[in-house]
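Q: Starting off with a structure, shown below.
The values are calculated or read from the model by the stated rules, or taken from the named source; none is laboratory data. Since this is a predicted model, take the numbers as computed values, not measurements. Neighbour counts run over all protein chains shown; Cβ positions are idealised from the backbone, glycine included.
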């Protein structure tokens, strides 16, 4: 169940299709987009000669799954717009409230995608088991997505002296609460956005495997709140409220508080249950879908 858009152009060929994606980031093969930072994915598929409607035109099908957070559409739209512009494509949009066979527009794409995605939410709302999904405020989803989407650009601005980690979604096993966390590896100078609720500390330790068996390196983790990290004397906020970044000190070894927090009790078991970004659904859309499902019963 997904959004489909068909693009045709006389200038489209299999070779030009491949070359279009060659230097575009996040394509692991021609037309197959997956952003490891944001978790967003979608597909452009070039038609073969046997199923092409017109031998004089190249034909491409674009597809984007429904029942996804709204940011999937926000990330996909510029890629579709770039493809349409590169080949001066004609479009066929079969979606309800879509663009039909008219000109392509950003507004038309997002209108059709959002309408279809709402229908997808209504379908899933009829199910009783939503345990695989997190239901989260759309504004929080967008803040996490923006940080992850721009992370590499911001990283180049910060330089190599400070690492900007990706944000992750998870449940906290103790109470099933939704959390947003980056990973802070011991000894790595880092920066965390204000929208994070927690930080997952990670360290490696050599432990004995037993008599005459030597030692092995293990990974240990500990989940702490972002407030606990910001309270550390040598960590400072930078930027305006609502969009601040928490900076760790550049010389971690000289901070007694940071040495102490990484030297305390850690766990070998996972303190969080990660949830993939495509299973983080918007609370407003889900509430509307549930209301529709109730009215229909």
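Q: Taking into account only those residues within segment 56-74 that are more than 29 Å from residue 37 (Cβ to Cβ) and assigned to a loop (DSSP other than H, G, I, E, B), which is nearest to the chain's Cα centre (by Cα)?
A: 57
Q: Could I ask something else about it? Take residue 140 and tell me if it is in contact (Cβ under 8 Å) with a residue 12 or more places away in the chain, assigned by TED's automatic domain parsing to the domain that holds residue 270 and in a helix (DSSP H, G or I).
A: When the stated conditions are applied, residue 140 passes them.
Yes/no matrix, rows are residues, columns are (1) surrounded by 15 or more Cβ atoms within 10 Å (Cβ to Cβ); (2) modelled with pLDDT under 90; (3) closer than 28 Å to residue 173 by Cα; (4) not assigned by TED's automatic domain parsing to the domain that holds residue 164:
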{"site": "193", "(1), (2), (3), (4)": "yes, no, yes, no"}
{"site": "199", "(1), (2), (3), (4)": "yes, no, yes, no"}
{"site": "214", "(1), (2), (3), (4)": "no, yes, no, no"}
{"site": "231", "(1), (2), (3), (4)": "no, no, yes, no"}
{"site": "258", "(1), (2), (3), (4)": "yes, no, yes, no"}
{"site": "270", "(1), (2), (3), (4)": "no, yes, yes, no"}
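Q: How about segment 75-96: which of its residues are assigned to a loop (DSSP other than H, G, I, E, B) and exposed (fewer than 13 other Cβ atoms within 10 Å of the Cβ)?
A: 88, 96
Q: Looking at (1) outside any helix (DSSP H, G or I); (2) surrounded by 20 or more Cβ atoms within 10 Å (Cβ to Cβ), which is the only condition residue 127 fails?
A: Status for residue 127: all satisfied but (2).
Condition check ((1) in contact with a helix residue (DSSP H, G or I) (Cβ under 7 Å, 6 or more places away or on another chain); (2) within 21 Å of residue 22 (Cβ to Cβ); (3) touching a residue at least 24 places away in the same chain (Cβ under 8 Å)) across all residues:
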{"site": "56", "(1), (2), (3)": "no, no, yes"}
{"site": "61", "(1), (2), (3)": "no, yes, yes"}
{"site": "70", "(1), (2), (3)": "yes, no, yes"}
{"site": "73", "(1), (2), (3)": "yes, no, yes"}
{"site": "86", "(1), (2), (3)": "yes, yes, yes"}
{"site": "95", "(1), (2), (3)": "yes, no, yes"}
{"site": "99", "(1), (2), (3)": "yes, no, no"}
{"site": "105", "(1), (2), (3)": "no, no, no"}
{"site": "109", "(1), (2), (3)": "yes, no, yes"}
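Q: A further question follows. Which of (1) touching a helix residue (DSSP H, G or I) at 6+ places or on another chain (Cβ under 6 Å); (2) surrounded by fewer than 16 Cβ atoms within 10 Å (Cβ to Cβ); (3) touching a residue at least 40 places away in the same chain (Cβ under 8 Å) is the odd one out, the single condition residue 9 does not satisfy?
A: Answer for residue 9: the failing condition is (2).
Q: Something else: Go through segment 158-174 and give me each residue that's in contact (Cβ under 8 Å) with a residue 60 or more places away in the chain and farther than 23 Å from residue 141 by Cβ.
A: 161, 162
Q: Residues 166, 118: which one is over 22 Å from residue 242 (Cβ atoms) and either at pLDDT 95 or above or not in a loop (DSSP other than H, G, I, E, B) (or both)?
A: Step by step, each of 166, 118 is checked, and only 118 is over 22 Å from residue 242 (Cβ atoms) and either at pLDDT 95 or above or not in a loop (DSSP other than H, G, I, E, B) (or both).
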